[in-house]
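S.K.: First the structure, then my questions, so here it is.
The values are calculated or read from the model by the stated rules, or taken from the named source; none is laboratory data. Everything quoted here is computed from the prediction, not taken from an experiment. Cβ: placed from backbone, ideal geometry, glycine included. Neighbour counts: every protein chain shown.
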Amino acid sequence: MTASIPTGLAAPHNRFKLPTSIRRLIRNPLAMVGLFIVLTFIFVGLFAEQISPHDYDLSNLSMARKGPSATHLLGNDEIGRDMLSRLFHGARISLTLSIISVGIGLVTGVLMGVAAGYFGGVVDLIIMGIIDIMLAFPSILLAIVFVAFLGSSLQNAMIAIGVLSIPVYTRLVRSSTLSIKEELFVEAARALGASHLTIVLRHILPNVFAPIIVQSTLQMAVAIQAAAALGFLGLGAPPDVPEWGNMLQKGRNFIFSAPHIVLYPGLATMLVVFGFSLLGDGLRDALDPRLNR
Amino acid sequence: MSFQRYILRRILFVIPVVFGITFFAFFIANAVPADPVTANLPQSALNNPEIVETFRRRWGLDRPPVERYLTYVSNLVQGDLGTSIKTRRPVIDDIRRFLPATMELATFSIVVGISLGVGLGVVSALYRNTVVDYAARVFSLVGVSFPVFLLALIALSIFYVQLGWTSGLGRLDIVLQTRQPPAVTGWYTIDSLLRGDLRTFQSAVSHLILPSLVLGSYVSGIIARITRSSLLEVLGQDYIRTARSKGLRERFVIRRHAMRNAMIPIVTVIGLSYGSLLSGAVLTESIFAWPGIGRYMYQASTSQDFPAIMGVSILIALIFVGVNFVVDILYYFLDPRIRLT
């Protein structure tokens, strides 16, 4: 016998209605500005090699700290490297770092959240205990402690920033799981003999998809900001790598003689964080009409 | 539940949190390859096995982790947080020395944050979807997106170096360092006033302006966003329409009917922001050479100063629990229907 679930019971709340959501998103001018910034950032990150006007690592001491010119549109850094090319390569680093760290947080957080919400009891108590302790710390402080112990490197910065975002996902997924698992369609699936894994994969996860997308967009902003902060403190990429926080750290000594060395990477960080935040807000309004005001 | 029982429950809640934190910190420290010996001894000393051995014995690093953890916990129960490897002072003394500086800065910053944030949020909600709203929202989002260290550097170079309007690094002018007010509260502003020393007071306030503006503008972005959405939700309620249809003045409706009901999420965010400011704003404190908890924690982390990291972690947990407690009490006063559980 093939088990078919009555349609009324089987259809989970389909909060993720693509066409309507997209239309709502397009009508939101701030979200469109955000989307434009994010797409530009992704494009620059992907094609940094091709669009960079100069070799990002080639120093020319005679050009050190020179301001913008026709050949070097954004000027040169403290040892004469082309700022624009370094910013482009910095975008690539920020993009990679934020995607990987958000990925770490997302996968771990979703697993923990589903486990806590679905199984409840002791599992829930232990997981949420860990999460509450993690939330007691300001995230940047926790990242610093992690990186200080793991050793400064780009890879460890990604891990630290990823770990920071675990609590957000865990709480989000746990609360959604708690409400969804009580729904009739989950009960029906269980009655029909569906395994825990099937219920989680087929019924619970699709329903937390929308809030996860929103959260991930906002989390990208957090990751980029945290990476720049770690870089600025000298706890991220090695000194030569054109990571934006690193560039800011190197340029801070020349803030008067050559302010562009500090300003451009700072503005780039701000712009990208701003873009992801605008897009995240827009997505939330578009995907969750209850919050749409 | 009676108020006393509520407080007792809150206090009891602190115990597992503190032990959880010490356990985690210990676990992390022992799970990673970092070695406090290499972080704290110079290369010349590292070549001398005798010095290394003495160092390990002095800080208990030669004993197994379980034994060290148990020793730490039994000392902790007696109120002993151990001695910092870096500063060689008892951690509790270091905290006593650095916490007031952070508290003073956090309090000035949160005042700036609330004034700016609530103001912007209210204006944004009242002029919803107009140019004013968009401008206020973009402004608050820029405040949140702007890297705080860049804002600090720019503020320092413009207002301190170029214009000379405010003071720069540290908590007091160098010439006044010898006139540090005797520590009563540890807040230079209050202690100097208590002694009637206006010059020190002026210098302390002048040193607070830039860092608290920088931190405050960041926090104001977060507060403005929550104020806007919370107020908008309340403004859509029936009782607001009723109040308006009764002919009440708009100002009165907003202040007495709308804001009061919108306050709960706003207070929550203010509490969380204040808690995180009290835990030390690492970047701002580093840039402004502010001798606070954030800078202490940063230095402790980079030198794997384990007792200091543990001490500050416990402190942060206590701050977090304390702030939540105060927020809960405020809920009760804002909305007497809420029962403390």
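S.K.: Consider A:D281 against the criteria (1) over 30 Å from B:Q237 (Cβ atoms); (2) within 11 Å of chain B (Cβ to nearest Cβ); (3) of a type outside the set (S, T, N, Q); (4) in contact (Cβ under 8 Å) with a residue 24 or more places away in the chain: it satisfies all of them except one. Which criterion is unmet?
M.R.: So A:D281 meets the others, but not (1).
S.K.: Let me ask you something else. For the stretch A:99-126, give me each residue that is of a type in the set (G, A, S) and closer than 18 Å to A:L197 by Cβ. Reasoning before the result, please.
M.R.: From the stretch A:99-126, those of a type in the set (G, A, S) are A:101, A:103, A:105, A:109, A:113, A:115-117, A:120-121; that's our starting set.
Selection gives A:G113, A:A115, A:A116, A:G117, A:G120.
S.K.: Something else now. State all residues of the stretch A:56-72 that are surrounded by 13 or more Cβ atoms within 10 Å (Cβ to Cβ) and in a loop (DSSP other than H, G, I, E, B); if no residue qualifies, say none. If you could, list the steps in order and put the result at the bottom.
M.R.: Filtering the stretch A:56-72 for residues surrounded by 13 or more Cβ atoms within 10 Å (Cβ to Cβ) gives A:56-57, A:59-60, A:63-68, A:72.
Within the stretch A:56-72, A:Y56, A:D57, A:S59, A:N60, A:A64, A:R65, A:K66, A:G67, A:P68, A:H72 meet the criteria.
S.K.: Out of everything in the stretch B:13-71 that is part of a loop (DSSP other than H, G, I, E, B) and small (G, A, S), what residue ends up being farthest from the other protein chains (Cβ to nearest Cβ)? Reasoning before the result, please.
M.R.: Of the stretch B:13-71, the ones part of a loop (DSSP other than H, G, I, E, B) are B:32-35, B:41-42, B:47-48, B:59-64.
Okay, now just the ones that are also small (G, A, S), so B:34, B:60.
On the way: B:A34: 5, B:G60: 18 Å.
Looking at the filtered set, the residue picked out is B:G60.
S.K.: Related question: Could you go through the stretch A:222-232 and let me know if any residue there is among the polar types (S, T, N, Q), at pLDDT 90 or above and within 23 Å of A:V107 (Cβ to Cβ). Working first, answer last.
M.R.: So in the stretch A:222-232, the residues among the polar types (S, T, N, Q) come out as A:225.
Now restrict to residues that are at pLDDT 90 or above: A:225.
Remaining after also requiring within 23 Å of A:V107 (Cβ to Cβ): A:225.
Yes.
S.K.: While we're on this one: In the stretch A:17-55, how many are surrounded by 15 or more Cβ atoms within 10 Å (Cβ to Cβ) and touching a residue at least 60 places away in the same chain (Cβ under 8 Å)?
M.R.: So the count comes out to 13.
S.K.: Then there is this: Here are some conditions: (1) more than 26 Å from the chain's Cα centre (by Cα); (2) within 13 Å of chain A (Cβ to nearest Cβ); (3) crowded, with 17+ Cβ neighbours inside 10 Å. B:I154 meets all but one. Which one does it not meet?
M.R.: That leaves (1) as the condition not met.
Listed here are the residues, each with its yes/no results for (1) away from chain A (no Cβ under 14 Å); (2) surrounded by 14 or more Cβ atoms within 10 Å (Cβ to Cβ); (3) farther than 19 Å from B:A281 by Cα; (4) not polar (S, T, N, Q).
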{"residue": "B:T166", "(1), (2), (3), (4)": "yes, yes, yes, no"}
{"residue": "B:W187", "(1), (2), (3), (4)": "yes, yes, no, yes"}
{"residue": "B:L198", "(1), (2), (3), (4)": "yes, no, yes, yes"}
{"residue": "B:H207", "(1), (2), (3), (4)": "yes, yes, no, yes"}
{"residue": "B:T227", "(1), (2), (3), (4)": "no, yes, yes, no"}
{"residue": "B:E233", "(1), (2), (3), (4)": "no, yes, yes, yes"}
{"residue": "B:Y239", "(1), (2), (3), (4)": "yes, no, yes, yes"}
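S.K.: Then there's this: Can you tell me how many residues within the stretch A:235-262 are among the aliphatic types (A, V, I, L, M), without any contact (Cβ under 8 Å) to a residue 40 or more places away in the chain and more than 8 Å from chain B (Cβ to nearest Cβ)?
M.R.: Kept after step one, since they are among the aliphatic types (A, V, I, L, M), are these residues of the stretch A:235-262: A:235, A:237, A:241, A:247-248, A:255, A:258, A:261-262.
The next check asks that each one be without any contact (Cβ under 8 Å) to a residue 40 or more places away in the chain; those that pass are A:248, A:255, A:262.
Pick out the ones that are also more than 8 Å from chain B (Cβ to nearest Cβ) and you get none.
Qualifying residue count for the region: 0.
S.K.: Here's a follow-up. So which helices (runs of 4 or more DSSP H) are wholly in the stretch B:256-338 and hold at least 1 residues that are surrounded by fewer than 23 Cβ atoms within 10 Å (Cβ to Cβ) and away from every other protein chain (no Cβ under 11 Å)?
M.R.: Once the helices (runs of 4 or more DSSP H) in the stretch B:256-338 are filtered for at least 1 residues that are surrounded by fewer than 23 Cβ atoms within 10 Å (Cβ to Cβ) and away from every other protein chain (no Cβ under 11 Å), what remains is B:260-278, B:306-334.
S.K.: Considering only the stretch A:218-234, state which residues are facing another protein chain (nearest Cβ under 9 Å) and closer than 20 Å to A:V273 by Cα.
M.R.: First, the residues of the stretch A:218-234 that are facing another protein chain (nearest Cβ under 9 Å): A:221, A:225, A:228-229, A:232-234.
Answer for the stretch A:218-234, where residues must be facing another protein chain (nearest Cβ under 9 Å) and closer than 20 Å to A:V273 by Cα: A:A221, A:Q225, A:A228, A:A229, A:F232, A:L233.
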